[in-house]
Amino acid sequence: MILFPAIDLKDGLAVRLEQGDMARATVFNRDPAQQAHAFETQGFRHLHVVDLDGAFAGKPMNVTAVERILETVGLCVQLGGGIRDMATIDGWLDKGVNRVIIGTAAVRDPALVKDAAKAYPKRVAVGLDARDGKVAVEGWAEQSELTVLDIARRFEDAGVAAIIYTDVARDGMLQGINWDATIALAEAISIPVIASGGLASIKDIERMTQPDARKLEGAIAGRALYDGRLDPAQAITLLRSARAA
């Protein structure tokens, strides 16, 4: 069970949004590489990075910031935002990203996901961001008519490393992860699921250790880490103890 600290990039800065709204962005660190180093120092081994501008533009927009993160830390980095063609996937994996996350293109171009997962086994994840159960795309600016399960099932035998499931309504709101929907998804598919959106406190970490959550690969923490509601050492210790049990 992995806890992924999150760095969301907007205009080269580390920010957090509320419910995916770019107009409701709080800057938490003007140096994303320094923030990544802080997470590494705290004991994290993985990092979740999203190029928010890239998600809206449909192409990488915070390349320099991501490259500096990769140069600064030795964490396993998974990256999403604006990854919509094979050339972009090739480029990021060549630069040292451990895993790319395909979101909008997973809805619009599922063949890309399948081709990428075949070319890079276990290095391609699918990001599914849901609002009222329907998948949102284009940086959450547009709503599709497809459910998370509809899309996740497309990739059951494609070699996808993980499904990152985000409840948009909870993202950045510190209301707790939507565990019911996340665990229901994990039970319905064979692909590992990562929970995202609203992780608020150590209670969410404790929930991750319950038997029905064992199918999850982990969860992503953002605002709760930045504003001190979640103590990194306590969270990491709790998850490691649960793994050893």
Task: For the chain, built as a Gaussian network whose Cα springs stay under 10 Å, the top-fluctuating residue of GLY198, GLY81, GLY176 - done: GLY176
Task: Solvent-accessible area of ASP180 with every protein chain in place, 1.4 Å probe, in Å² to the nearest 10 - done: 120
- [ ] Would you mind computing, in nm to one decimal, how far apart the modelled labels at THR72 and ILE202 are, each placed 7 Å from Cα along Cα→Cβ?
- [x] 2.8
TODO: Note down the accessible area of ASP115, probe 1.4 Å, to the nearest 10 Å².
DONE: 90
- [ ] Over the chain, with every protein chain in place, what whole percent of the accessible area is carbon and sulfur at 1.4 Å, could you tell me?
- [x] 48
Open item on the list: Give me the dipole magnitude in Debye, nearest 20, for region 42-100 about the Cα centre, with unit charges on the beta carbon: positive for Lys and Arg, negative for Asp and Glu.
Closed with: 160
TODO: Give me the percent of DSSP beta bridges within the chain that run antiparallel, rounded to the nearest 5.
DONE: 30
Task: Rounded to the nearest 10 Å², the accessible area of THR104 at probe 1.4 Å - done: 20
TODO: Roll a 1.4 Å probe over the protein chains and send me the accessible area per residue for the chain in Å².
DONE: 41
Task: Distance in nm between pseudo-label sites at ASP11 and THR209 (7 Å out along the Cβ direction from Cα) - done: 4.1
- [ ] Calculate I(q)/I(0) for region 46-93 by the Debye formula, one identical point scatterer on each C-alpha and no solvent, and give its log10 at q = 0.23, 0.33 Å⁻¹ to two decimals.
- [x] -0.81, -1.32
- [ ] Can you check what the Kirkwood hydrodynamic radius comes to for the chain, Cα pairs only, in Å to one decimal?
- [x] 17.5
Task: Considering only region 99-167, percent of DSSP beta bridges that pair antiparallel, nearest 5 - done: 40
Task: Calculated FRET value between ASP150 and ALA233, using beta carbons and R₀ = 51 Å, to 0.05 - done: 0.80
Task: Cα-Cα P(r), region 74-219, percent of pairs per 10 Å interval - done: 12, 43, 36, 9, 0
Task: Cα-based Rg of region 1-63 normalised by 2.2 N^0.38 Å, two decimals - done: 1.12
Task: Cβ charges +1 (Lys, Arg) and -1 (Asp, Glu), total dipole of region 27-151, debye - done: 340
Task: FRET efficiency for ALA184 and ALA23, using Cβ-Cβ distance with R0 set to 25 Å, rounded to 0.05 - done: 0.20
Open item on the list: Connecting C-alpha atoms closer than 10 Å in a GNM of the chain, tell me which of GLU18, GLU145, GLU187 has the biggest fluctuation.
Closed with: GLU145
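The values are calculated or read from the model by the stated rules, or taken from the named source; none is laboratory data. Quick caveat, the model's predicted, so the values are computed rather than measured. Note: ideal-geometry Cβ built from the backbone for every residue, glycine included; neighbour counts use all protein chains shown. Protein only, heavy atoms only, side chains kept; ligands, DNA and RNA dropped before computing areas. Shrake-Rupley method; radii C 1.70, N 1.55, O 1.52, S 1.80 Å.
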